[in-house]
Amino acid sequence: MLNLWRKIRAHGRVAEPPVGGRGYPLVPGLRGSVQVRHVDAGSCGGCEVEIGAAFGPVYDAERYGARLVASPRHADALLVTGVVTRNMSEPLRRTYDAVPAPKLVVAVGDCARDCGVFKGAYGVAGAVGDVLPVDAEVAGCPPRPEAIVAAVRGLTGR
Amino acid sequence: MNLTESALGLAVGVAALAALAVAALPGRWRPACAGAGTALAGAAGVAAGVAALTGRPFSLSLPGLLPLSGLEFGADRLSGFFIAVTGAVAVPAGVYATGYLRHSGTSRSACAFLPLFAASMLLVPAAAWAVTLLACWELMALTSLLQVLAEHRRRPEVAEAGRWYAVMTHLGFACILAALMLAGGGSLLAVRHLPAGLAGTVFVLALAGFGSKAGIVPLHAWLPRAHPEAPSHVSALMSAAMVNLGVYGIIRTGFGLLGGGARWWWLLVLALGAVSAVYGILQAAMSSDLKRLLGYSTTENMGLVLVGLGAAGLFAGTGHRVLAGLALTAALLHVAGHAAFKTLLFLSAGAVAQRAGTRDLDALGGLRGGMPATTAAFAWGALAASALPPGTAFVSEWLLLQALIHGLPGGGTAAAVVLPTAVAAVALTAGLSAATFVKAFGTGFLARPRSDGAARAAEAPGSMLAGMALAGAACAVLALVPGAVLPALARAAAMTAGPAVAGLVTLRLSGAAGELSPLLLALAVLAVTLVAAGWLRVLPGRRARRAARLWDCGAGPLTARMEYTATAFAEPLQRVFDDVLAPETGIDVTHLDEARYLVAAVEYRRRVPDRVERRLYQPALAAVRAWGEAGRRLAPGSVHRYLGYGFYAVVALLIVLTVTR
Amino acid sequence: MTRLGIAGGIIQVVVITGGAPLLAGVMRQVRARLEGRAGPGIGQPWRDLRKLLRKEPVTPAGTSELFRIAPLVLLATTVTVAGVAPFVTDTSAVGPAADLFAVAALLAMGTATLALAAIDTGTAFGGMGASREMTIMALAEPTLLVAVFALSVRAGSTSLAAVVTATLRDPARVLSPAGLLAAAALALVTVAETGRLPVDNPATHLELTMVHEAMILEYAGPDLALVELASSMRLAVFLGVLATLFTPWGIATTAAPLALAAGTAAFAAKVGLLGAALAAGEVFMAKLRLFRVPELLAGSFLLALLAVTASYFLAV
Amino acid sequence: MSAVMSGVMTSTVYVQLLDLACGALLATAVVIVWRRRLAAIIRTFAVQGAALAALAGVLAVHARDVRLGVIAAGVLALRAVVFPWLLGRALAASGPAPGERETRPLVNVTASLLAVAVLTLIAYAVSRPLTALAPSPAADAIPVGIAVTLAGFFVLVTRRRAVSQLAGFLLMDNGITATGLLTTASAGLLTEAGVSLDVLLAAVVLRALAGRMRDAFGDTDLDDLRELRD
C-alpha cells in the first residue's frame, strides 16, 4: 500500500493536456455526456488496443464526459470496430436496436469505414455503413488514440 | 351461557353437522358443504375467541361425555387468542376448500373430516383439564392425519409423509401425556407448585411434546414432509393454526401451569428458538419445492416465536415484568401475523400447484401472466413473511428486537451473553427470509415459464381467490394498523405483566423508549413513489416508451432454460453455509470414446438433505431396526413359544413379588 | 413532529437528492486524480442524469409492471430514509419512522424490489446479480443490527434521534472501544450494502464480476436515471448515518436559519469527506472474490459483537 | 513529571485511555485472526504490542509505579519491536515470497471469526466472578485479556504455517500479560521478565527450527510433517 502511494505521489497526473478545440455535439440531447458501448464486429484487435488507450490514463477520454458501459441499454453511442462479418451482422443490428434513442454509431478504423484490406473477402458482410447508419467515422489502421478522442469529443461537445 | 360458550358450541355443532352432511350427500355437493362448514365453524370460533379475549371467560363441565373424568372446558384471554387465530385461519381455508376440493376430487372421508379438524383445533385451547386436552389433542392429530393422507392414492410420497407424521405426532402425544400426568393431571388453569426437579422434568417433556407439534428443531422432521403433501387448505390449517397450538401448550405449561420457572428453562427455549429460526430459514432458502419451502419457513417462524417466549421467561424471572410482557406480546403478534401470511402463502401456492401441475420452483416461472391475482396474493404474503416494511413480520420482529435490546441493561451475565446472540440470530433470520422469499416469488412467479404446465396455468376460480383475499386482508390489518389488535394481545400476555405497547397509528412501548409507525412508513413510501411517477410524466423532453427485445448479447433469443433457477439463486448461500448444510454434490464427466480430451456429457447432481434428519433420525431408525432384527429370533412363529413367554413372565413376576415382599 | 424536524426533513431531502450525484462525482474525481487521470469533473453524474431523463424509456419483452415500478420504489424508500433520519437537525421529521431498524428495513426493501425486477427480466445476468445482492444483504443484516444494538444500548433506544442526542450530550462515548468497534463494523456494512470495493466494483464492465450492475443491465433512459440517482442517494444516506451516529457535531438543534445552514454545511462536509476517503481507499483495493465476502462480513460481525460486549467489559 | 501526568490524568481520562488500550488489544486480535497475509499479521502484532505497552503505561501512570513504567518500556521494546522483527526474519527465511499467506487453515476464516466471537462471550461469562471480586475499571477489563488469550490459543491450534502458529503463541502470551497486568496492577517485574525470556527463547528456537525444516523439506507446512511418521 505504501508502495502504491509512493507511486501515486511520484507520477502525479499522467493525463496529457487536451489537443484541439471542443467539438459540437451531433445530438443536442447528448451534450456533455455520452455513454459508449463498444462492439467488435470482426476486428483484428488493433482498434481495441487503441480504444483501450484512448480511455486509459494518458488520453483519458472520460474527462470529456464519455464512458464505456456494459450494456447497450445504458449506451448512447456504439463504437463499432472491424469489418462486419456475416456472423456479426445480425448481432450488430440487434445491438443497435437495443440502444434507446437518440443514438449514434461511430465506425472506428478503416475496416469499419470501408472494409480496408478485407474488402471482398469471404465471410465479410460489408462495412459498418452497409448495416447501420453511421454518424461519425475515425480513419486509420488502427486509428491513433488522439483521433478516437477527437471523435468522442465530437459526440459530447466538450 | 355466555357468548364465548355459545359461539364455541355453535362452531362444534356446525362442524359436526357439516361432517354428517358430507357423509350423506352425493359427491357433487361435498366440497361446498365441507368448505362452508369449515368456514362457518371458523367464523363461530373467531367470535368465541374474540369474546374470550375481550374478557368473557367461561367454564363448562360435561361429566358424562368421557368415562372416568368427563370433559372440562374453559377459556381465559390466552385461550381466547389462540381460538380466535385458529378460527380466523379456518374461515379463508374453508372458503378456499370449496373451490379446491371440487377440482382435485378428494374422497368422502377427507371432505368429512375437514370441518372436524377445524373444530378439534378450536377445542384444544378451550380444554381446561389435562384429560380433556389430551382427548382434543388426539382428535386433532387423527383428523389432521386423515387430511394429510387425502391424496395418497395419487402420489406415493404422501404415504411416507403420513407415516412420519403419525409416528412423530404420537411420540409428541406420549411426551405431553407424561408431562401432564407428572404434573398431577387435573385443571390446566391453576398454578401447580411442584418441587424444582419435577417441575423441570415436566417442562422439558411438555416442551418436547408441544415443540414437536410446533416444528421446533430437532423435532421438525415431519413438518417439511407432511405440510407440502397435504391438500393446500389443510397445509394452511396445519401450518398456520395447528403449529400455534404447540406454542399455546408451551405458554400454558410454562407460564400458567408451572407459574414461570428456573432460568435454564427459558434459556433452553430461547436457544431452541434461535436454532430453529436460523436452521429453518436456511433449509427454506435451499428448498426449490414451493410448499416445502413454506413448511420450513413455518419452523423458522415458530423459532422466532420461541425466542420471544424464552426472552419473556428470562425477563419475568429477573423481575422485568414490563419487558416480559413486551416479549410475550411480540411473540403473540408474530403468531397472529404468521397465521395470516402463512395461510395466504399456502393458499396461493396450492392454486399454483393445482393449476401448473407442479410445485417445483425450477419448473415454474412466468405465472404473473396467467395467474395475476394469485401472483399478487403470493407477493403480498411474501412481503409480509420477509420482515420488510410494510409487512406483519416486520412489526413483530421490531417488537421482539425492542424487547431484546431493552433487556440488556441490568440483565446480568446471562443476558449479556444471550441477548446479543439472539439479536444476531433474529437479524440473520430476517435477512435470509428476505432472500428466500425473493427467490420464491421471483423465480416462481416472475420471468418466463420454465415448463409447459407453468405456461398454460390459468387463474384459480373465484372461491379460491376469495379465500386468499380474506387472508390478505388480515395481513394488511396486522401489517399497517397492528395497534388495532395489540392491546388485546397485550392483555392476553398480561399473565406476566401489564400492557406493553400502546397507540393505534404509532406504536409506543410503555416502560421503555421506542416507537414505530408502520402506517406512516408505508404512506411515506407510497407518497414519494407517486410524486416521483408524476414528476417523470411531466418531465420536459419526455419520450414515449418503446418495447424492445430482451437484451440477449445479440445472440439468438433467450430460452427459458437460460434463466436463473431457484437452485442457482440459492447457490451462493449454499456455499456460504456449506459447513452447516453439508450439501451432497457430484459431477460425472462422460468422455467420448474417441478421445479422453473430448467431453460427451457432464452430469451435475446436488442435493441438500436435512442434516438434522440425517444425523439424528436415521441413526435412531437404524438402531430401532437393528433391535427389531435382534428381537426377531425370539419370534419364530411357534405358538407354543409365545404361550411359553407368557408363562415364564407370570412365573417371574410371582417370584419377584415374593422376594420383594 | 416539530417545526425543527420538518424543516430538517425538507432540507435533507433536497440536499441529498441534489447532492448525491455530486457525491458520486467527487468520489469519481478523487479516484481519477489518484489514478493520474484528469477526470470528468464532479458535475458529470448530473450531466449523465440530465441526459438519461431525456432518453427513450425501453420496456424489454416479457417484463411486467414490477420492472417499471421497481426504480420508483427504490427511489421512494431512499428518499423516505433521507427525509426521516436526523441528518441536519437533531429531531426527525417523522419520529416514529426514524427508528434504526425501520431505516435498515426500508433500505433492504429497496434492495429486494430491485432484485425482483432483475429476476423479472428473465436474463441470466439479472438472476445472477439478484442472487448475489440478496446473499450479501442477508449476511450483512446481522452485523448491521448488532452494531445498532451496541449503539442503542447506552442511548436506551433504537431511535436515531435518541442516539444522536445521547452522543451530543456525552461526546466521550464516541472514543470508547464500543463506539469505535461499532463504527468499524458499520463502515464495513456500508461498503457491502452500497456495492463499493472490495465487495462490488461499481466501475466494472465485466458481467461475471458484477453484483449491483448486473441487476440493472436492462434499464434504459429515465428508469436508469432513477436507479442511478437512488444508488448514489443510498450511498449518501449510509455515509450520512455513519457520520451522524459517530460525529454528530454541527447538527442543528434549533430551527434558527443560521443553525439550519450550519447543520446543512456540516452534514455536506462530513459526507463529502467520508466519500472522498472511501474513494481514496478503493484505489488501493482489488475486488474480493464473491466467496471471500462472507469472511469480510463475518469479521465485521465479530467487531459488532465485540462492540456490544465491550460496553460490558469496560467501564466507559 | 510524574506528578504533572497524574494531575492531568483525571479518573475519567484514565478509564477512557485504559479502555481504548484494551479495545485496541481486542481489535488487533480480531485482525490477526482475520488476515491471511503473514506479513500483515506480523505488522498487526507489532501494533498489538504497542497497545499492550500503552496499557501498562496507563496503569503505571495511574498507580505512579515506576516498576510498572519499566515493564511498559520493556513490553514496548520486546513486543512491538523485537518480536515482530524476529518473526519477520523467520518469515523471510522460511517463505519463498514476501506476500506469503496462510492458505489452508484447518478452520476456515469465517468459522474462525465466529469461533472467536463465541470465545469472547465465554471469556466474558467466565471472568464475571473474577471481576466481581474487586470491581474497578482495570478489573472490568479482565475479559479482554482472557479473550485475547483464548483467541491466541485458537490460532495456535488451527493454523498450519509455522510462522502464524508462532503469532498465535505470542498472541496468547500478550493475552496472559494483559490479564496479569489488569488483575494485579503491580505484577512482579521478575515474572514478566521471565515470561518474556521464555518467549524469546521459543522464538529463537522456532526460528531455527523453521530454517532447518525449510532446508530439509522446502516448506513449513506442519501438516506435511505427518508424512515423517507415516
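A few comments on the model shown:
- Point-charge dipole on Cβ atoms (K/R +1, D/E -1) for region B:307-533, about Cα centre, debye to 20: 160
- Annotation: Cα Rg of region B:613-660 relative to the compact-globule expectation 2.2 N^0.38 Å equals 1.74.
- Proximal charge balance of D:Ala115 [Cβ under 15 Å; K/R count +1, D/E count -1]: -1
- Selection from B:His170, B:Val531, B:Thr54, by position along the positive dipole direction of chain B (Cβ): B:Val531
- Membrane-span-like helices of chain B, defined as complete DSSP H segments with a Cα extent of 30 Å or more along the helix axis and a mean Kyte hydropathy of at least -1.0, are identified as B:3-24, B:30-53, B:77-104, B:156-182, B:263-286, B:290-317, B:321-356, B:412-445, B:639-660.
- Peptide-level mean, for C:73-81, of C-beta atoms on other protein chains within 10 Å: 6
- Summed over all non-identical Cα pairs, the Kirkwood treatment of the protein assembly as shown gives a radius of 34.3 Å.
- 10 Å Cβ neighbours from other chains, averaged over peptide D:123-134: 2
- Helical contribution to [θ] at 222 nm, DSSP H n ≥ 4, -39,500 (n - 2.57), averaged over chain A, rounded to 500: -9500 deg cm²/dmol
- Accessible area per residue was computed with a 1.4 Å probe on protein heavy atoms; B:Ser287 scores about 10 Å².
- Modelled FRET efficiency - R0 35 Å, A:Arg13 with C:Leu206, Cβ distances, 0.05 increments: 0.80
- Peptide C:222-232 has a mean of 2 when you count, residue by residue, the C-beta atoms of other protein chains within 10 Å of its C-beta.
- FRET efficiency, C:Trp249 to D:Ala40 (Cβ-Cβ, R0 30 Å, nearest 0.05): 0.35
- GNM result for chain C, Cα springs below 10 Å: residue of C:Leu274, C:Leu53, C:Leu303 fluctuating most strongly: C:Leu53
- Two-site FRET efficiency, B:Thr54 against B:Val191, from Cβ-Cβ distance with R₀ of 30 Å, rounded to 0.05: 0.80
- Surface listing: C:Trp249, B:Trp627, B:Trp164 arranged by accessible area from highest to lowest gives B:Trp627, C:Trp249, B:Trp164, probe 1.4 Å.
- For region A:33-156: rounded, prolate or oblate by the Cα gyration tensor [a/c cutoff 1.5]: oblate
- Charge sum, other residues only, whose C-beta stays under 12 Å from A:Gly46's C-beta, Lys/Arg counted +1 and Asp/Glu -1: -3
- Two-site label geometry, B:Arg633 and A:Arg93: point separation in nm, points 7 Å out along Cα→Cβ: 8.3
- Among the protein heavy atoms, those of B:Trp129 account for about 110 Å² of accessible surface (1.4 Å probe, every chain in place).
- A:Ser71, B:Ser69, ranked by accessible area, largest first (probe 1.4 Å): B:Ser69, A:Ser71
- Chain B: relative contact order in percent, alpha carbon pairs under 8 Å with at least 6 residues between: 11
- Candidate aspartates and glutamates - alpha carbon under 20 Å from B:Lys342, same-chain residues fewer than 8 apart omitted: B:Glu229, B:Asp289, B:Glu300, B:Asp360, B:Glu397
- D:Phe153 - accessible surface, heavy atoms, 1.4 Å probe, Å² rounded to 10: 110
- Computed over chain B, Cα set: Rg, Dmax in Å: 26.5, 106
- Region B:307-533: C-alpha pair distances exceeding 33 Å, %: 26
- Over the residues of chain C, the helix contribution to mean residue ellipticity at 222 nm works out to -24000 deg cm²/dmol, using -39500 (n - 2.57) for each DSSP H run of at least 4.
- With the simple model of a label 7 Å out from the Cα in the direction of the Cβ, B:Ala458 to B:Thr559 spans 2.8 nm.
- Ranking B:Gly256, B:Ala32, B:Val14 by Cα position along the charge dipole of chain B, where only Lys, Arg, Asp and Glu carry charges on their C-beta atoms, puts B:Ala32 farthest toward the positive end.
- Reported to the nearest whole Å, the Cα centre-to-centre distance from region D:126-178 to region B:572-641 is 42.
- Label positions at B:Arg537 and B:Ala513, each projected 7 Å from the Cα along the C-beta direction, are separated by 4.3 nm.
- Taking every full run of DSSP H in chain C, the ones that stretch at least 27 Å from end to end by Cα along their long axis and average 1.0 or higher on the Kyte-Doolittle scale are C:3-34, C:65-84, C:100-121, C:124-155, C:221-246, C:257-283, C:293-313.
- Bridging of C:Lys55 to lysines at a Cα separation below 18 Å is possible for A:Lys103, once same-chain residues fewer than 8 apart are set aside.
- Pairs beyond 30 Å (Cα-Cα), from B:Lys439/C:Lys51; A:Lys7/C:Lys270; B:Lys439/C:Lys270: B:Lys439/C:Lys51; B:Lys439/C:Lys270
- Ordered from highest to lowest accessible area with the whole protein assembly present and a 1.4 Å probe, A:Glu50, B:Glu151 read as A:Glu50, B:Glu151.
- Mean separation of Cα pairs under 8 Å and 6 or more residues apart, divided by the residue count, gives chain C a relative contact order of 29 percent.
- Charge sum, other residues only, whose C-beta stays under 14 Å from C:Pro142's C-beta, Lys/Arg counted +1 and Asp/Glu -1: -3
The values are calculated or read from the model by the stated rules, or taken from the named source; none is laboratory data. Please read all numbers here as calculations on a predicted model, not as lab measurements. Because the Cβ atoms are built from the backbone with ideal geometry, glycine has one as well, and the counts that use them run over all protein chains shown. Side chains are part of the model used for accessible areas, which takes the heavy atoms of the whole protein and leaves out ligands, DNA and RNA. Shrake-Rupley method; radii C 1.70, N 1.55, O 1.52, S 1.80 Å.
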